[in-house]
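What follows draws every value from the coordinates through simple rules; no lab data is involved. The shown structure was predicted, so the numbers you read here are calculated from the model rather than taken from an experiment. Cβ: placed from backbone, ideal geometry, glycine included. Neighbour counts: every protein chain shown.
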Amino acid sequence: MIIVLVIIAISILILVHELGHFLVAKKFGLLVEEFGIGFPPRLFSKKIGETVYSVNLLPFGGFVKIYGENLETDSADLEKNSRAFYNQKSWRRLLVIIAGVVMNFFLGWLVMSVIFMIGAPQSLVITDVVADSPAVLAGFQPGDQLAGFKKSVEFINFIDVNKGKEITLDVIRAGENLSIQVVPRVSSPVGQGALGIAFAEAGLEKMPFFTSLWTGLKASVGIVAMIFVSLFQLLFSLFTEGRILEGFVGPIGIFGVASQAAGLGVVYLMQLIGLISLNLFVLNILPFPALDGGRMFFILLEKIKGKPLSVNFERSANAIGFLVLLFLMIAVTVRDIIKLF
């Protein structure tokens, strides 16, 4: 069920991205040939006006097909060519392209704002378990939710008064209630607590509508900034050390993170979806070939040069960029699979 929900959510995120391109292209009068939900093979379609609206077999997002987007036009039809993407003024092409990434930011902001509106039950969540500690020997795991405790001080005081005694802690793991017996140690190594765990306070209090929107916006901007920093660290590690950062996960790893989030509650799964949407915003705005940011960069180069770039250059750059991204995705996916065994 978690896998299905994540696939649906990511598909919606991609579809919303393409919807941004579609709406602005329509607004500017470009010839939009097809707007598809999912990817071919096609199940059924209906032509409304000049645009084909299709539903396709592979439910992984969607696509929009704009005439002239792939640098090809039909020179025999002048009226049709005037509505081609490639023949539009640079500012129009920029707005059509950037509309997709803006939609991803908007959706991420909306999800974050909704989370602040509805709030989330307050609790303590284990973030790390130290090796050879009482907690790891008892069977505690990162992601376990400590039931019955909302504030760190409550839990710390409870453990302090029960050092050396066997206690039972109720935890919630992936939606399942568990009871674990453990004996907090009287004397702990430097830098460790009596149990040998790290934990964090989770949960949010409900906020008013406009406060939620403003808080959601600030949170989204902060998250985007952190994603940019993380991507810089990823690229630095990749080029200087030839390795991918441990915290970086691909499609397989996302399902594992989603399972942990779902175990904490639907709000945390929503938070993950919002984070993915903001990640898509950052990824697509990067000035890298094959991404929307790369296409925007080429348009800016065109304005600097004062004439269009070579069609062959753009195609070759986008093809190389796509292969690099594909290689990176395969490498991350292989590492995620290896971690499962």
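Taking Cα atoms of the chain, Rg/Rh with Kirkwood Rh, to two decimals?
Rounded to two decimals, Rg/Rh equals 1.07.
For the range 120-204, would you read off the P(r) tail past 16 Å as a percentage of all alpha carbon pairs?
On the way: 1722 of 3570 pairs.
Tail fraction, whole percent: 48.
Quick one: plug the Kirkwood hydrodynamic radius of the range 275-328 (C-alpha pairs) into Stokes-Einstein at 37 °C, 0.692 mPa s, and report D in µm²/s. Before the final figure, lay out the partial values.
Values: Rh = 11.8 Å.
Answer from the Stokes-Einstein relation: 279 µm²/s.
Would you look at the GNM of the chain, springs on alpha carbons closer than 10 Å, and say which of Val171, Val136, Val102 moves the most?
Maximum fluctuation in the GNM of the chain, among the listed residues, is at Val136.
Please name whichever of Ala194, Gly36, Ser220 sits farthest to the positive end of the charge dipole of the chain, dipole taken about the Cα centre and charges placed at Cβ: Lys and Arg +1, Asp and Glu -1.
Gly36
Take Trp214, Trp91 and order them by how many other Cβ atoms sit within 10 Å, fewest up front.
On the way: Trp214 14, Trp91 10.
Exposure proxy ranking, most exposed first: Trp91, Trp214.
Taking other Cβ within 10 Å of each residue's Cβ, how do Leu43, Leu23 sort, fewest first? Each step should come with its number before you reach the end.
Values: Leu43 11, Leu23 17.
Listing Leu43, Leu23 from fewest to most nearby Cβ atoms yields Leu43, Leu23.
For the chain, give the magnitude of the charge dipole about the Cα centre (Cβ charges: +1 Lys/Arg, -1 Asp/Glu; no others), in debye to the nearest 20.
Charge dipole, the chain, about its Cα centre: 820 debye, nearest 20.
Provide Rg over Rh for the range 1-117; use the alpha carbon set for both Rg and the Kirkwood Rh (inverse mean inverse pair distance).
The Rg/Rh ratio comes out at 1.04.
For the chain, what does -39500 (n - 2.57) per DSSP helix run (n ≥ 4), summed and divided by total residues, give at 222 nm, in deg cm²/dmol to the nearest 500?
-18000 deg cm²/dmol
Could you work out the relative contact order of the chain? I mean the mean sequence separation of Cα pairs under 8 Å and 6+ apart, divided by the number of residues, in percent. Don't jump to the answer; show the numbers that get you there.
Numbers: 541 pairs, mean separation 58.5, N = 341.
Relative contact order of the chain: 17 percent.
May I ask you to list the aspartates and glutamates whose Cα is less than 15 Å away from that of Lys65, ignoring any residue fewer than eight positions away on the same chain?
Cα-Cα hits under 15 Å: Glu18, Glu33, Glu34, Glu50, Asp292.
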